[in-house]
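First the structure, in the form of structure tokens, and then the observations on it.
The values are calculated or read from the model by the stated rules, or taken from the named source; none is laboratory data. Please read all numbers here as calculations on a predicted model, not as lab measurements. Every residue, glycine as well, gets a Cβ built from its backbone with ideal geometry; the counts of neighbours run over all protein chains shown. In case anyone asks, the SASA skips ligands and DNA or RNA and just uses the protein heavy atoms, side chains included. Shrake-Rupley method; radii C 1.70, N 1.55, O 1.52, S 1.80 Å.
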Amino acid sequence: MGLTRVQISFIAALFCCVTSLAAADDSDVEQPAWSFEFKGGRYHPTLDGYSDYFGRTRTDELAVALARKVFRVFEVGVEAGRVHDKGVGTLPLNQTTGGTVTYDVYPVHAYLVLRGVFYENQWVVPYIGGGATREYYEQSVVGQSTAKGHADGSHTRAGVQFLLDRLSGSDAANLQSGFGIDNTYLFIEQQAVKAEVKSVKIDLGGKVYLLGLLFEF
């Protein structure tokens, strides 16, 4: 799938920001090399007629992510999640009518993130990012056929992280000494995902609103 002008512009801007901010990184301070996060929230699918099959326009998503910090401001990561819903109606991908419909999607993202962190112990850290997406799906109707496979696409993400360490210095010190966790953040995030099943021209993407915890180590 070719890159759009918006995606090309985003990548170029990301590269320029990383180049300039990395030069200002404080190399004298020992900094975390990795981050791990877990999060959950609401997934709003773009799948046509979703509410007809499942009786609502959104469902839940849970996800985990692991990222390597190339620089303090720049991360490369992978994320895996699960979306699940159950309803009654028509199987969306093959138009089969039937009883209970079960819908499972497992999004996998490879992503780059640029964080607006300029000094250690910064309370609020905004970030933007994006990358490639593959969504594994399985949709079935009880007593009838099952449609499964995968859809490839892309996504963007943006959010704000809130440093929790200074709320309780003793807890932060215990996490660092006991588990090697340098910083803990509460964050909110929005993702916009586009992933098309090319054989039937159906977009399995959507918008995702997430709340989670991130640990730097």
Going by the conditions given, is residue 89 at pLDDT 70 or above and open to solvent by less than 50 Å² (accessible area, probe 1.4 Å)? no
Output yes when any residue across segment 143-157 is exposed (fewer than 14 other Cβ atoms within 10 Å of the Cβ) and of a type in the set (A, V, I, L, M, F, W, C), and no when none is. no
Would you point out the residue of segment 57-86, among those that are in contact with a helix residue (DSSP H, G or I) (Cβ under 8 Å, 6 or more places away or on another chain) and closer than 27 Å to residue 99 by Cβ, that is modelled with the lowest pLDDT? 86
Here are the criteria: (1) under 30 Å from residue 87 (Cα atoms); (2) open to solvent by 60 Å² or more (accessible area, probe 1.4 Å). Tell me which single one residue 139 does not satisfy. (2)
